[in-house]
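Scroll down for the structure; my scribbles are underneath it.
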Amino acid sequence: MPVRLKKRFGQHLLVSSGILSKIAELANPEEGDIFVEIGPGTGLLTKELLKYPIKKLFLIELDAEMVDYLQKNLKDERIVIIQDNAVSFNYNNLNERKLKIIGNLPYNVASLIVENVIYYYSLIPTALFLVQKEVAEKWLSGKSWLSLFIQTFYDLEYLMTIPPRFFKPPPKVNSALLRFNLLQKAKIEDLKNYKKFLTRLYEGKRKMLRKKFSKDLFVSAGINEFLRAENLTLKEVLKLYHLWEAHHQETPSEP
Ligand SMILES: C[S@@+](CC[C@H](N)C(=O)[O-])C[C@H]1O[C@@H](n2cnc3c(N)ncnc32)[C@H](O)[C@@H]1O
């Protein structure tokens with residue numbers, strides 16, 4: 001029985017077999033790999049991945065009806081189906097040391113799902129995500145808190161654009177496939193604190209830096225306090241964060 005597709009779960013299934021097999025290939029599945037697929041839906045991409053000699057494939061799907069469909073239709077001893085929310089999923093609970101992630105993400109919560117993945121970066125050397133093209137461009141831009149948060153840990157590669165006609169039902173927008181490659185050096189220990197700093201820095205992007213943190217912070221970092229967050233490089237943001245973290249500078253300067 002076919003499954004009823006639900007808008008609230010962002011269910012736009014990728015139905016082009018050529019593109020599905022290309023995406024699986026681009027995920028670079030190797031013998032012995034442990035994969036996690038976020039939002040497997042009816043399992044079309046899942047089946048492509050299972051053609052490779054991977055060791056295990058965890059499927060995280062929120063929709064109970066899809067979970068039921070997968071349980072009945074996908075028979076492979078390497079899969080573990082988990083009904084859970086990828087926005088808050090705890091990857092440590094899988095008890096694996098290394099996970100490769102793949103997902104044609106539900107567009108309404110793609111940013112939240114990716115933010116959650118970043119908290120587990122030390123487990124995840126690489127990830128492949130299909131998202132709304134505009135969202136991919138935002139993550140690549142280096143001009144939003146999440147873009148900086150992602151790029152602190154991962155190098156992003158834009159792999160391809162996929163037009164609406166390859167999905168069922170077709171979304172209104174183009175989609176983009178992005179690869180995340182873990183950067184060698186992790187530079188941050190307290191990611192929640194880093195998020196707190198970044199969201200404050202990028203909130204009201206047009207505001208000058210001096211409105212957001214104490215002037216001393218910018219003097220210590222040698223960064224012009226009259227600049228705006230969107231003008232900063234990742235290196236400068238990290239410099240500011242480490243100084244802020246060390247000195248707990250909280251108060252913005254006087255106007
Ligand atoms: C865009 S569809 C992709 C389906 C399939 N992978 C494909 O490529 O055809 C997104 C899938 O994510 C599931 N989903 C939506 N929100 C979710 C969440 N918060 N956590 C996990 N899965 C979710 C939807 O039910 C749906 O199956």
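Could you give the dipole magnitude of segment 80-222 about its Cα centre, charging the beta-carbon of Lys and Arg +1 and that of Asp and Glu -1, in debye to the nearest 20? Intermediate results must be reported in sequence, preceding the final value.
Working: 23 positive and 11 negative charges, 125 e Å.
So the dipole magnitude of segment 80-222 works out to roughly 600 debye.
Pairs exceeding a 32 Å alpha-carbon distance, out of Lys56/Lys235; Lys7/Lys138; Lys143/Lys185; Lys51/Lys98: Lys56/Lys235. Less than 14 Å Cβ to Cβ from Leu13, Lys/Arg counted +1 and Asp/Glu -1: what total charge do the surrounding residues give? Spelling it out: positives minus negatives among the neighbours equals +1. What you get for segment 191-247, charging only the Cβ of Lys and Arg (+1) and of Asp and Glu (-1), is a dipole of about 260 debye around the Cα centre.
Using a simple charge model, +1 on the beta-carbon of Lys and Arg, -1 on the beta-carbon of Asp and Glu, nothing else, what dipole does the chain show about its Cα centre, in debye to the nearest 20? Write out the running numbers ahead of the final one.
Details: 38 positive and 29 negative charges, 142 e Å.
It comes to approximately 680 debye.
Taking Cα atoms only, the orientation of helix 191-202 departs from the longest principal axis of the chain by about 60 degrees.
For Lys196, a cut-off of 16 angstrom between C-alpha atoms picks up these aspartates and glutamates, skipping any fewer than 8 places away in its own chain: Glu115, Glu245, Glu250.
For Lys192 and Glu65, the FRET efficiency from 1/(1 + (r/R0)^6), where r spans their Cβ atoms and R0 equals 30 Å, is about 0.30.
Computed extension length for Leu183-Val87: 32.3 nm, one decimal, from 0.36 nm per residue of separation with the Cα-Cα distance subtracted. Take the Kirkwood radius over Cα pairs of segment 36-102, plug it into Stokes-Einstein at 10 °C and 1.306 mPa s, and you get 131 µm²/s for translational diffusion.
Over the Cα atoms of the chain, compute the convex hull volume and normalise it per residue, giving Å³.
Numbers: hull volume 33.3 nm³, N = 255.
Measuring per residue, one finds 131 Å³ for the Cα hull of the chain.
Placing unit charges on each Cβ (+1 for Lys and Arg, -1 for Asp and Glu) gives segment 80-215 a dipole about its Cα centre, and among Thr152, Pro171, Tyr120 the Cα reaching farthest toward its positive end belongs to Thr152.
Translational diffusion of segment 191-247, estimated by Stokes-Einstein from the Kirkwood radius over alpha carbon pairs at 10 °C in a medium of 1.306 mPa s, is 142 µm² per second. Compared with the dominant principal axis of the Cα atoms in the chain, helix 17-26 is inclined by about 50°.
Just so you know, all these numbers are worked out from the coordinates, no wet-lab data involved. These figures come from a predicted structure and were not determined experimentally. Positions of Cβ are backbone-derived with ideal geometry, glycine not excepted, and every protein chain shown enters the neighbour counts.
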